[in-house]
Amino acid sequence: MTLSAPSFRRAAAVALTEDEVARIRNDFPILEQRINGHPLNYLDSGATSQNPISVMEAEQEYYEQRNAAVHRGAHTLAFAATEVFESARETVAAFIGAQPDELVWTSNATEGVNLVAYAISNASLGLGGPDAARFRIGAGDEIVVTEMEHHANLIPWQQLALRTGATLRFIPVLDDGTLDLAAAATIVGPRTRLLAFTHASNVVGTINPVAELVELAHRFGALVLLDACQTVPHLPVDVAALDVDFAVFSGHKMLGPTGIGALFGKAELLAGLPPFLTGGSMITTVDMEHAEFLAPPQRFEAGTQRISQAIALAAAVDYLTETGMDRIALREAELGQRLVAGLAEIPGVRVLGPAAGIDRIGLAAFDVAGVHAHDVGQFLDEAGIAVRVGHHCAQPLHRRLGITASTRASTYLYTTTDEVDQFLAAMHEVAPFFGVKP
Amino acid sequence: MSSSELQQLYQQIILDHAKYRHGASSEPFGVFDADGAPGLRLAESHQVNTTCGDEITVRVGVRAGSGAAADAAVTDAAGPAPVIEQFVWRGDGCSISMASASVLADTMTGLTVSEAEALVTTFRELLRSRGTIEPDEEVLGDAAAFAGVSKYPARVKCAMLPWVAFEAALMQVAAASAAPAAPLA
Ligand SMILES: Cc1ncc(COP(=O)(O)O)c(C=O)c1O
C-alpha cells in the first residue's frame, strides 16, 4: 500500500490505541445508550459529533458562574464573561494556527461562508473603505468552486454570482472521487477572483491538495476560502501553513455544541472587508445617518454573541488537543481504511471515492446495488447502527457519481474497531434481507 | 436484530412492488399536455421528500363518465362520476416510496375520483396511526401492507409521497374542471 504523506503523518505520532479509545468513550455519556435493544453504534460523526462531559460542564459552569453580556457593562460578571469568551477565541484560534483577531465566531460553517459572500457583495456595492475595493467583483469576474462541495460552500457562491453578475465555474470531480487538477489548471485563471473548495469531502472522503490549489489561485491573485468542516475536527490543520485566505468550520462536528462555528480570515483581509450583519457590538460611533465600525473580529460579530457555545467549543478543543490531533488523525485513517476494505468485499457494494489504500478521512460512503440508501439506513438502525443516508447536502457530487443518494459511515476518536466490524457484518446482511441478489 | 419488527416494515408485498413497480414509466414522460386525449383530463404533480431526496412524478388521466362529451366538465356533482382512467408515475427513491407508488397505481386505476379520495384519506389515517389502526384489507388491498410503516414515523413521508402527488394531481383536475375554459397552469 503506497501512501502519500499528509501533514498529520508525523514521525513520532502513533494512532490512538483501542484501550485509549475505550477510556475516551467513558467521557461520552450518550454512547452508553441502547438503540432498538442494541448498544448504540454511532457512525454519523461526519454529520454531528457527540459531546464529552467536559464540554457540557464548561457550558453549565459558564451559566452557573459567569453569565453576563460580553464587551459591555462595567461589572465584575461582565468582565469575567468577556475574559472567558475572549480566552475561548484564543484557544480555538491557536488550534488552527491563527491569531485571535483572525477568528470570527459564527453560528456554523454555513454562516461563515455566507459572511464572506455577503461581505464581498457589500464591497461590490461600494460599501467599506478604500481597502474594500479589492473585494469588488462583477461581470467578467469568476468564482470557482468544485463539484464535490457541500451545498454550504456552493449555494452562497451561486447567490453571490447572481447578485454581482460574476460567473460561477467549477472544478470537476473524476470517477475516483478526486478533483480533476488538470482541469483546475485551465479553469482557474486571470478572471478568477475567488476559489472556494473543501479540504476533505464529506461524502467521498478525499483529502484535497490544498497547497497546490492555493498556489494556483494565488498565482492569479484570487482569494481562497477553505471549507475545513471535515478536517479541523479530524486532522491537525494549520491555516497559516496552508496559506488559505479564509477558512470555515463548525463546532458541532468537533465535540462542541451546536450553534457555534468560526470563520478564519487573514488579518489584512478582514481589516478591509466590510461587515455582513450589522447592529450593536460592532460599531464605534453612531449618528442617525452613519456608523463607524470596529476592527475585526468584532466588526463581524453583530449582536449578542454565542458566549456559552464559544466557551464550550474551547473546552472541546482542549479535549482534542490533550488527546492529540495527530494521533486522532492516524486512528481515523486506520478506521477509514478498514471501512473501505471491508465494504469493498461485500457483493453489490460500491464504495464512492478513493479506493482502499488511498488516503481518505475516517469515513466511507457507498451505494448498494438494488437497495436504496434509506432502506440500508433503516436496516442498520434496527441493529443500533447510526449512519447518514441521502445526498449528504452534495447533490451535484452524487449526480456526478451517477446516483441520487448514498449511505455514509463516519468515525471519530470514540469509534471502536469492533463498531466498524459490527457495521461491516450488518452490511453483509443487507442485500439478502431485501431479497437482492448481487 | 429484531428482524421480525423490520419484516413488519418491509413486508414481502412491499419488496415485490418496489422491485416490479406497477404503473412506472421507464421512459421520461412525453411533453405534458393538459388537454390529453379527447375527454381525458390530464394532470401531473411532482413531489420531493427533502430529507432524503426521494422524487416522484404522478400523472393521472380522469375521464368523465360514459356518454360525456369530450369537453364536458369533470365533476361529481353534475353528470356521471369521473373515473381515473390513467395512472403513470416516474420516481426514484427508497423501497417504501417506490412500492407505495406501485400499489397506488394498481389501486386507483378504474376508481371514481370520490372513491379515490376516500381511499387516500383512509391510507393517511392508517399511516398516521402509529400502529393503532388495524388495516382493512378488503378496502385497502395491497396498501394494507403499509400498516407497518405507521410504527416508523420517519418513514411515513416516504409512503405518503406518491399519495400526496396523486392528491395534488386530482386537485388540479378538479380546479380545471370547475373552470373548463381556463388553461391548466
Ligand atoms: C464539508 C462540509 N461543509 C459544510 C458543512 C456545513 O456545516 P454546518 O451545517 O454546520 O454549517 C458540512 C456539514 O454538514 C460539511 O460536511
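The values are calculated or read from the model by the stated rules, or taken from the named source; none is laboratory data. Note that the coordinates shown come from a computational prediction; the quantities given were computed from them, not determined experimentally. Ideal geometry is used to build each Cβ from the backbone, glycine not excepted, and the neighbour counts take in all protein chains shown. SASA here: full protein model, heavy atoms, side chains in, ligands and nucleic acids out. Shrake-Rupley method; radii C 1.70, N 1.55, O 1.52, S 1.80 Å.
Observations
- Of all residue pairs spaced 6 or more apart or on separate chains, those with beta-carbon atoms under 8 Å, a first member in the stretch A:4-33 that is under 14 Å from residue A:328 (Cβ atoms) and not assigned by TED's automatic domain parsing to the domain that holds residue A:361 and a second member that is at pLDDT below 95 and surrounded by 11 or more Cβ atoms within 10 Å (Cβ to Cβ) are A:6/A:359; A:9/A:3.
- Candidate set: the stretch A:130-150, residues that are open to solvent by less than 40 Å² (accessible area, probe 1.4 Å) and under 30 Å from residue A:90 (Cβ atoms); chosen: the one nearest to the ligand (Cβ to nearest atom): A:135
- The stretch A:414-435 - residue that is open to solvent by 30 Å² or more (accessible area, probe 1.4 Å) and in contact (Cβ under 8 Å) with a residue 40 or more places away in the chain and, of those, farthest from the other protein chains (Cβ to nearest Cβ): A:421
- Breaking point among (1) more than 26 Å from residue A:411 (Cα to Cα); (2) surrounded by fewer than 23 Cβ atoms within 10 Å (Cβ to Cβ); (3) of a type outside the set (Lys, Arg), for residue A:217: (2)
- Tally of residues being within 14 Å of chain A (Cβ to nearest Cβ) and at pLDDT below 95 across the stretch B:97-121: 0
- Count of the stretch B:124-171 residues which are loosely packed, with under 15 Cβ neighbours inside 10 Å and either touching a His at 6+ places or on another chain (Cβ under 8 Å) or not in a loop (DSSP other than H, G, I, E, B) (or both): 7
- Residue within the stretch A:198-210 that is under 30 Å from residue A:125 (Cβ atoms), surrounded by 24 or more Cβ atoms within 10 Å (Cβ to Cβ), within 16 Å of the ligand (Cβ to nearest atom) and more than 14 Å from chain B (Cβ to nearest Cβ) present: yes
- Search result, residues across the stretch A:352-393 that are more than 10 Å from chain B (Cβ to nearest Cβ), touching a Pro at 6+ places or on another chain (Cβ under 8 Å) and either under 30 Å from residue A:16 (Cα atoms) or buried (at least 21 other Cβ atoms within 10 Å of the Cβ) (or both): A:359, A:360
- Check on residue A:256, at pLDDT 95 or above, more than 22 Å from residue A:157 (Cβ to Cβ), within 16 Å of the ligand (Cβ to nearest atom) and assigned by TED's automatic domain parsing to the domain that holds residue A:201: yes
- Total residues in the stretch A:394-407 satisfying the condition of being assigned to a loop (DSSP other than H, G, I, E, B) and either facing chain B (nearest Cβ under 10 Å) or open to solvent by 40 Å² or more (accessible area, probe 1.4 Å) (or both): the figure is 4.
- Taking the stretch B:101-121 as the range and being hydroxyl-bearing (Ser, Thr, Tyr), surrounded by fewer than 17 Cβ atoms within 10 Å (Cβ to Cβ) and assigned to a helix (DSSP H, G or I) as the test, the residues that pass are B:114, B:121.
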